[in-house]
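Coordinate-derived values only; no laboratory data. These numbers come from a predicted model, not from an experiment. Neighbour counts run over all protein chains shown; Cβ positions are idealised from the backbone, glycine included.
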Amino acid sequence: MQRVGSDDECSVYYNETDYCTHSTWDGAIVQDDDYYANEETVHIDDAAGYSFDIKVDHLFTDEEAETYYDHVMAGKLSITINGEDVGEEWMHDVDDTVNTHVYYYSETNDDYYLYENPDYDGSLVVRMECTNDCVCTFVKTE
């Protein structure tokens, strides 16, 4: 997530800025071929009068390639303001014909290799714009 006009990003890698704190590592965990739902939490200290771009990216893993429906399991973004759910959820567009991974066969090594599919679009950006009274609106921009 990034406040519009700021150079600082609030994310798992940069988890504290002057405007927010990012509290968890990742929104989903794949372990031993099992999928575990999780939450990712970002706390904005004061959103009044600011706009934010909230970005969610698909995290590619080798394990998900073993799951037939991995490409249609898009994470959902929900937003809570002052303890109240805003009542909307967003997710990146899903195309059930485009898998997250592709296999490449190497004749030289007589073996298949797994690669992230460059045609898989796992990105989502929601713009949150808040008035000075902290009334916020949301638009999916990507």
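What's the FRET efficiency of Asp45 with Val94 using the Cβ-Cβ distance as r and R₀ = 30 Å, to the nearest 0.05?
Working from the Cβ atoms, E equals 0.35.
Could you go through region 132-137 in sequence order and give the Karplus-derived ³J(HN,Hα) for each residue, using 6.51 cos²θ - 1.76 cosθ + 1.60 with θ = phi - 60°, rounded to whole Hz, and x for Gly and Pro?
Along region 132-137, the couplings run 5, 8, 6, 8, 10, 10 Hz.
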